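What follows is one structure encoded as C-alpha cells, with my remarks underneath.
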Ligand code: 13P
Ligand code: SF4
C-alpha cells in the first residue's frame, strides 16, 4: 500500500541560527571586543573563523598578551581555564563546557596530592593538560613544545615528578637523560594508534614520513622520523622535502597542513579499532553553532575559585619565563 509521510506542524521550526554564521560571529566579535582562539584539533570551520590557531603554548601566549575584553576559547576546558587564570577580569567563553580531556581527567586532585606528599623533596612539573587544581599543586607547567627545554633547566640534583602524561614524561626522559617520577596518566586519542597498522601504511606508502606527537606511546614514536607538538609538526611538514606524511596525532591538524602545503599528502595514522577514535571526542564537542550561541548569550563562562587561580598562575608564569 502507498503511504505518504506526514509533516507534523511542530516539526516546522523557525531556524535557530542566522543563515551566515561566519557573518553573525564576526558581528558578535565586534560587539564583545572578542578574540577567538582555536586549537588545531577543532573542526575546519572553527579554525577558519579563529583569530589565532595554535598549540597549547601558542594559545597560552596569545591569552597572556590579549587586549580583548572577551576570549572565546575553541579548545578544551583546561585550555580555556588557563586563559582565565591568566586573565581573571576577562569573560572567557568555552562553546561546550563538557569539552574536557581524558588526560586531565586521569589526574584527580586528591590522588595527586597524596602522590606529591609521598615525594616531598620533588619539584613538580605538570603538563598543561591538567586541571587548575593540579596546576595549583605544581612548581612549573610545561607544554609538549617546551617540556624538554624546561626540564633541561632544572638543576641536576633536583628530583622531579612529571604529571600527568606518562608518554610525554618518557619522551622527556629519553631526550634529557633525566630520571623522573611519572604520574601514570595518558591521552585516549594518542594511545589509540595502532603500531601494526602504521607499519602496514608505511609499506603501502614508502615515500611517506611518519610524524608523531609526544603523547603517543613509545612503540608508535619509535617509527617516527620527527616528534613534536602540533605547531612543531605543522612547521616540520611544510619545511621537510617529503611529499607525503603519516600523521600520528589528532587529524584536525591536517586542515592546517593542507592549507600550508596544498600539494603534499597527509594520511591520518589509523586507530587500532575500526572507529574514529583518533578524533578527540572532547575537542569535537565544540561546533560553529555552539560558538555562535556562546557569544550571543555570553555563556558558558569559565569561572574558578580565586585561591586556586592565584596558586595556578605562578607555575604558568614560570613556564612563560622559562620558555621565552
Ligand atoms: P599541543 O601542545 O601540541 O597543542 O597538544 C595539546 C594536546 O591536547 C594534544 O593532545
Ligand atoms: Fe586531551 Fe587527548 Fe583530547 Fe588532547 S587529544 S585534548 S590530550 S583527550
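If you take the residues in the range 267-285 that are within 16 Å of ligand 1 (Cβ to nearest atom) and in contact with a strand residue (DSSP E or B) (Cβ under 8 Å, 6 or more places away or on another chain), which one is nearest to residue 45 (Cα to Cα)?
283
Give me the pairs: first residue in the range 212-224 and in contact (Cβ under 8 Å) with a residue 12 or more places away in the chain and more than 14 Å from residue 245 (Cβ to Cβ), second residue within 13 Å of ligand 2 (Cβ to nearest atom) and assigned to a loop (DSSP other than H, G, I, E, B), beta-carbon distance under 6 Å, and six or more apart or on different chains, which are they?
Correct list of pairs: 214/144; 215/187; 215/190; 216/190; 217/191.
State which residue is nearest to residue 60 (Cα to Cα) when the search covers only the range 91-127 and only residues that are surrounded by fewer than 22 Cβ atoms within 10 Å (Cβ to Cβ) and within 17 Å of the chain's Cα centre (by Cα). Even if it seems obvious, please write down each step before you answer.
As a first pass, look at the range 91-127 and keep what is surrounded by fewer than 22 Cβ atoms within 10 Å (Cβ to Cβ): 91, 96-98, 100, 102, 105-106, 108-111, 113-123.
Pick out the ones that are also within 17 Å of the chain's Cα centre (by Cα) and you get 96-98, 100, 102, 105-106.
Details: 96: 19, 97: 19, 98: 20, 100: 17, 102: 20, 105: 20, 106: 22 Å.
Selected residue: 100.
Condition test on residue 144, is it within 13 Å of ligand 1 (Cβ to nearest atom) and surrounded by fewer than 24 Cβ atoms within 10 Å (Cβ to Cβ)?
Numbers: within 13 Å of ligand 1 (Cβ to nearest atom): yes; surrounded by fewer than 24 Cβ atoms within 10 Å (Cβ to Cβ): no.
No; evaluated as a whole, the condition is false for this residue.
Is it the case that some residue within the range 64-75 is more than 12 Å from ligand 1 (Cβ to nearest atom), in contact with a helix residue (DSSP H, G or I) (Cβ under 8 Å, 6 or more places away or on another chain) and either assigned to a helix (DSSP H, G or I) or modelled with pLDDT under 95 (or both)?
Checking the range 64-75: at least one residue is more than 12 Å from ligand 1 (Cβ to nearest atom), in contact with a helix residue (DSSP H, G or I) (Cβ under 8 Å, 6 or more places away or on another chain) and either assigned to a helix (DSSP H, G or I) or modelled with pLDDT under 95 (or both).
What single numbered condition from (1) buried (at least 24 other Cβ atoms within 10 Å of the Cβ); (2) within 15 Å of ligand 2 (Cβ to nearest atom) fails to hold for residue 228?
Residue 228 satisfies all of (1) buried (at least 24 other Cβ atoms within 10 Å of the Cβ); (2) within 15 Å of ligand 2 (Cβ to nearest atom) except (1).
Residue 198 is checked against (1) surrounded by fewer than 20 Cβ atoms within 10 Å (Cβ to Cβ); (2) away from ligand 1 (no atom under 14 Å from the Cβ) and fails just one. What number does that condition carry?
(1)
Quick one: residue 149 ticks every box in (1) over 17 Å from residue 227 (Cβ atoms); (2) within 16 Å of ligand 1 (Cβ to nearest atom); (3) outside any loop (DSSP other than H, G, I, E, B); (4) in contact (Cβ under 8 Å) with a residue 60 or more places away in the chain except a single one, so which number is it?
Here residue 149 meets the rest and fails (1).
Can you tell me which of 53, 36 is within 16 Å of ligand 2 (Cβ to nearest atom), surrounded by 14 or more Cβ atoms within 10 Å (Cβ to Cβ) and either in contact (Cβ under 8 Å) with a residue 12 or more places away in the chain or closer than 19 Å to residue 96 by Cα (or both)?
On the way: 36 fails: within 16 Å of ligand 2 (Cβ to nearest atom).
So the residue among 53, 36 that is within 16 Å of ligand 2 (Cβ to nearest atom), surrounded by 14 or more Cβ atoms within 10 Å (Cβ to Cβ) and either in contact (Cβ under 8 Å) with a residue 12 or more places away in the chain or closer than 19 Å to residue 96 by Cα (or both) is 53.
Residue 218 - would you say it is surrounded by fewer than 21 Cβ atoms within 10 Å (Cβ to Cβ) and on the phi < 0 side of the Ramachandran plot? Let's see the steps before the verdict.
On the way: surrounded by fewer than 21 Cβ atoms within 10 Å (Cβ to Cβ): yes; on the phi < 0 side of the Ramachandran plot: yes.
Considered against the rule, which asks whether it is surrounded by fewer than 21 Cβ atoms within 10 Å (Cβ to Cβ) and on the phi < 0 side of the Ramachandran plot, residue 218 comes out as yes.
Could you check residue 88 against (1) assigned to a loop (DSSP other than H, G, I, E, B); (2) surrounded by 24 or more Cβ atoms within 10 Å (Cβ to Cβ) and say which number it fails?
Checking residue 88 against (1) assigned to a loop (DSSP other than H, G, I, E, B); (2) surrounded by 24 or more Cβ atoms within 10 Å (Cβ to Cβ), the one that fails is (2).
Scan (1) closer than 23 Å to residue 290 by Cα; (2) away from ligand 1 (no atom under 16 Å from the Cβ); (3) touching a residue at least 40 places away in the same chain (Cβ under 8 Å); (4) part of a loop (DSSP other than H, G, I, E, B) for the single condition residue 100 breaks and write down its number.
(2)
Consider residue 237 carefully, then state whether it is at pLDDT 95 or above, surrounded by 15 or more Cβ atoms within 10 Å (Cβ to Cβ), farther than 22 Å from residue 130 by Cα and within 16 Å of ligand 1 (Cβ to nearest atom).
On the way: at pLDDT 95 or above: yes; surrounded by 15 or more Cβ atoms within 10 Å (Cβ to Cβ): yes; farther than 22 Å from residue 130 by Cα: yes; within 16 Å of ligand 1 (Cβ to nearest atom): yes.
Yes.
State whether one or more residues within the range 305-317 are under 17 Å from the mean Cα position of the chain (by Cα) and modelled with pLDDT of 95 or more.
From the range 305-317, those under 17 Å from the mean Cα position of the chain (by Cα) are 316; that's our starting set.
From what is left, the residues that are modelled with pLDDT of 95 or more are 316.
Yes; the residues of the range 305-317 include at least one that is under 17 Å from the mean Cα position of the chain (by Cα) and modelled with pLDDT of 95 or more.
Considering only the range 106-115, I want to know if a residue exists there that is assigned to a loop (DSSP other than H, G, I, E, B) and in contact (Cβ under 8 Å) with a residue 24 or more places away in the chain. Explain how you work it out, then say what you get.
Step one: list which residues in the range 106-115 are assigned to a loop (DSSP other than H, G, I, E, B), which gives 106-108.
If we keep only those that are in contact (Cβ under 8 Å) with a residue 24 or more places away in the chain as well, we get 106-107.
Within the range 106-115 (the criterion being assigned to a loop (DSSP other than H, G, I, E, B) and in contact (Cβ under 8 Å) with a residue 24 or more places away in the chain), the answer is yes, since at least one residue qualifies.
Which of (1) farther than 27 Å from residue 116 by Cα; (2) outside any helix (DSSP H, G or I) is the odd one out, the single condition residue 178 does not satisfy?
All conditions pass for residue 178, except number (1).
The values are calculated or read from the model by the stated rules, or taken from the named source; none is laboratory data. Keep in mind it's a predicted model, so treat the numbers as computed, not measured. No Cβ is skipped: glycine too gets one built from the backbone with ideal geometry, and neighbour counts run over all protein chains shown.
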